[in-house]
Amino acid sequence: MDQAISPEIKRRRKRKMIVKVSMIVVIGVGVFSFLVNMFQPKIRGAEVNFGVVDEGAVEVSVYATGKVVPFAEEVITSPVSSKVLEVYKKSGDRVRKDEPLLQLDLETIRTEYETKKESLEMQLNKLDLQRKTIASDLAEMKMQVDIDEMMLKRTLVSLNNERYLDSIGASTREKVREAELNYTVKQMQLEQLKRKYENKKSTSRSEIRSLELDYKIAKRNMDLLFKTLGEAQVMAPRSATLTWINDQVGASVSQGSNLAILSDLSSFKVEGEIADSYADKITAGNRVNVVIGGEKLSGTVGNVTPSVNNGVIKFVVFLDDQGNTRLRSGLKVDVHVTHAMKDETLRLPTGAYYMGRGDYDLWVVNGGRVEKRKVMLGESGFEYVEVLQGLTGGEKVIISDMGRYRDKEVLYVR
């Protein structure tokens, strides 16, 4: 016969059952919460960058590419067509002013110089001879003018005598007319001789000037050849680093071809390029931010090339810190040219999300999660983007590229 279960035992069994059920419920809720949490879309806060919306100035800029080049660079060219005889330096050497770099073969030029020198001496002798000949001819003509003037005076005396004799009846009218005609002829001959003399002086001066000009041109050409002979040994025009030299001994070089390039590697500038559609935004004096890795260098636009080549315009940036240790010749850099300023506007730090003025889906922090929101952005600068609509001051926004989450609306931040 079964015994009745005591109330105490029933209470203990009931308590055990309640505990078991409670544990099962707690474990179930935990598992459920864990599974829900596991399948919710999340993002690690350390994997993205955040920016805070604030109010301030936006330096509106355009992006260009650039290359670092030496601030001062000099190209040494060949004065004539020749060939390389000797090379004294190599690329990368530090050279001093007037230090020899290479030697050219100028034997042909030397022979031409000697020929021109002899020709110049002949021209000088010809000029001196012509001067003496002209001076002699002019002196002879001047003497003839003086003689004819005296003869004219003598003819005038004879005419006056005939007139006097005719007045006292000792001569005739025919003799008087003959004397008058003789005087007129002598007078015309004198005038003609004087004109010839003046013309001779004028043409002689022109002839001498022409010969002198020919002599000066020949002398200048000879001096140029002499200078060229002096340039046979190519010298460094100033102290600098030899970045390139034609070291091919025996190689032929044409006139004007490069022999060496000297660069001052202690200071640099940036040569920038940008599409010609932005030409109106690139002017001399614009402030510039040059980005090298994570470092920003400021500068100013110098000269802008007025011509367009393949749809690109070029300009030069003069850096405030021309000797920065990050600068290297040939280094590619990003260039941001500021062309306008907007004061007291809502702004957001720039980032990979910005592709130009327009509407964007940005992720805004709301507690422990981020929510996608439609935002309108305006102009941008090197550091900030103008916010037109959709955000307020103090809001925190993800400024990293979030393209892989374009199909989500909410993400939880871990």
- What is the number of the single condition among (1) within 16 Å of residue 48 (Cα to Cα); (2) modelled with pLDDT of 90 or more; (3) of a type outside the set (Ser, Thr, Tyr) that residue 389 does not meet? (1)
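Criterion first (in contact with a helix residue (DSSP H, G or I) (Cβ under 6 Å, 6 or more places away or on another chain) and over 30 Å from residue 407 (Cβ atoms)) does residue 292 satisfy it? Walk me through how you get there before you give the answer.
Working: in contact with a helix residue (DSSP H, G or I) (Cβ under 6 Å, 6 or more places away or on another chain): no; over 30 Å from residue 407 (Cβ atoms): yes.
Answer is no for this residue.
When you scan segment 362-376, do you find a residue that is under 30 Å from residue 243 (Cβ atoms), β-branched (Val, Ile, Thr), in the same structural domain as residue 295 (by TED's automatic domain parsing) and out of contact with any Leu (no Cβ under 8 Å at 6 or more places or on another chain), even just one?
So the first thing to find is which residues in segment 362-376 are under 30 Å from residue 243 (Cβ atoms), and the list is none.
No, segment 362-376 contains no residue that is under 30 Å from residue 243 (Cβ atoms), β-branched (Val, Ile, Thr), in the same structural domain as residue 295 (by TED's automatic domain parsing) and out of contact with any Leu (no Cβ under 8 Å at 6 or more places or on another chain).
State which residue is surrounded by the fewest Cβ atoms within 10 Å (Cβ to Cβ) when the search covers only segment 125-180 and only residues that are more than 30 Å from residue 213 (Cα to Cα) and of a type in the set (S, T, N, Q). Reasoning before the result, please.
Taking segment 125-180 as the starting set, the residues that turn out to be more than 30 Å from residue 213 (Cα to Cα) are 143-180.
Filter once more, so that each one left must be of a type in the set (S, T, N, Q): 144, 155, 158, 160-161, 167, 171-172.
Working: 144: 14, 155: 18, 158: 14, 160: 12, 161: 14, 167: 10, 171: 16, 172: 12.
My answer is 167.
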- Query: How about segment 262-275: which of its residues are modelled with pLDDT under 90 and more than 25 Å from residue 77 (Cβ to Cβ)?
  - Reply: none
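Looking at segment 247-258, is at least one residue touching a residue at least 40 places away in the same chain (Cβ under 8 Å), surrounded by 14 or more Cβ atoms within 10 Å (Cβ to Cβ) and within 24 Å of residue 82 (Cβ to Cβ)?
Taking segment 247-258 as the starting set, the residues that turn out to be touching a residue at least 40 places away in the same chain (Cβ under 8 Å) are 247-258.
Then keep just the ones that are surrounded by 14 or more Cβ atoms within 10 Å (Cβ to Cβ); that gives 247, 253.
Next cut, within 24 Å of residue 82 (Cβ to Cβ) only: 247, 253.
Yes: segment 247-258 contains one or more residues that are touching a residue at least 40 places away in the same chain (Cβ under 8 Å), surrounded by 14 or more Cβ atoms within 10 Å (Cβ to Cβ) and within 24 Å of residue 82 (Cβ to Cβ).
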- Among the numbered criteria (1) among the aromatic types (Phe, Trp, Tyr); (2) closer than 30 Å to residue 290 by Cβ; (3) assigned by TED's automatic domain parsing to the domain that holds residue 137, which single criterion is violated by residue 268? (3)
- If we keep only residues of segment 245-257 that are outside any loop (DSSP other than H, G, I, E, B) and either modelled with pLDDT under 90 or small (Gly, Ala, Ser) (or both), then the residue nearest to residue 97 (Cα to Cα) is 253
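Here's the yes/no breakdown for (1) within 43 Å of the chain's Cα centre (by Cα); (2) loosely packed, with under 14 Cβ neighbours inside 10 Å; (3) among the basic types (Lys, Arg):
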{"site": "307", "(1), (2), (3)": "yes, yes, no"}
{"site": "310", "(1), (2), (3)": "yes, yes, no"}
{"site": "313", "(1), (2), (3)": "yes, no, no"}
{"site": "340", "(1), (2), (3)": "yes, yes, no"}
{"site": "354", "(1), (2), (3)": "yes, no, no"}
{"site": "364", "(1), (2), (3)": "no, no, no"}
- Query: What tally of residues in segment 378-398 results from selecting those that are more than 22 Å from residue 341 (Cα to Cα) and either within 38 Å of the chain's Cα centre (by Cα) or part of a strand (DSSP E or B) (or both)?
  - Reply: 3
- Pairs, first closer than 13 Å to residue 242 by Cβ in segment 90-108, second among the polar types (S, T, N, Q), C-beta under 6 Å, six or more apart: 94/241; 96/239; 97/239; 100/233
- Return a yes/no flag: does segment 401-414 have any residue that is more than 21 Å from residue 287 (Cα to Cα), in contact with a Phe, Trp or Tyr (Cβ under 8 Å, 6 or more places away or on another chain) and either surrounded by fewer than 19 Cβ atoms within 10 Å (Cβ to Cβ) or free of Cβ contacts under 8 Å to residues at least 12 places away in the same chain (or both). yes
- First in segment 384-397 and free of Cβ contacts under 8 Å to residues at least 40 places away in the same chain, second anywhere and β-branched (Val, Ile, Thr), Cβ under 8 Å, 6 or more apart: 389/375; 390/375
- Item | Filter pass, residue 125 being more than 21 Å from residue 198 (Cβ to Cβ), without any contact (Cβ under 8 Å) to a residue 40 or more places away in the chain and either outside the structural domain of residue 191 (by TED's automatic domain parsing) or under 60 Å from the mean Cα position of the chain (by Cα) (or both) | yes
- Item | Near pairs, Cβ below 9 angstrom, 6+ apart or cross-chain, from segment 143-160 (without any contact (Cβ under 8 Å) to a residue 24 or more places away in the chain and in the same structural domain as residue 175 (by TED's automatic domain parsing)) to any residue that is assigned to a helix (DSSP H, G or I) and not aromatic (Phe, Trp, Tyr) | 154/186; 160/179
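Is one or more of the residues making up segment 208-227 of a type in the set (A, V, I, L, M, F, W, C), part of a loop (DSSP other than H, G, I, E, B) and at pLDDT below 85?
Restricting attention to segment 208-227, the residues satisfying the condition of being of a type in the set (A, V, I, L, M, F, W, C) are 208, 211, 213, 217-218, 222, 224-226.
If we keep only those that are part of a loop (DSSP other than H, G, I, E, B) as well, we get none.
No - not one qualifying residue is present in segment 208-227.
Give the number of residues within segment 258-269 that are of a type in the set (Ser, Thr, Tyr) and not in a loop (DSSP other than H, G, I, E, B). Write out each step before concluding.
Of segment 258-269, the ones of a type in the set (Ser, Thr, Tyr) are 263, 266-267.
Retained after the next criterion (residues that are not in a loop (DSSP other than H, G, I, E, B)): 263.
Adding up the residues that qualify gives 1.
The values are calculated or read from the model by the stated rules, or taken from the named source; none is laboratory data. Predicted, not measured: the structure shown is a model, and the values here were computed from it. Glycine gets a Cβ as well: all are built from the backbone with ideal geometry, and neighbour counts include every protein chain shown.
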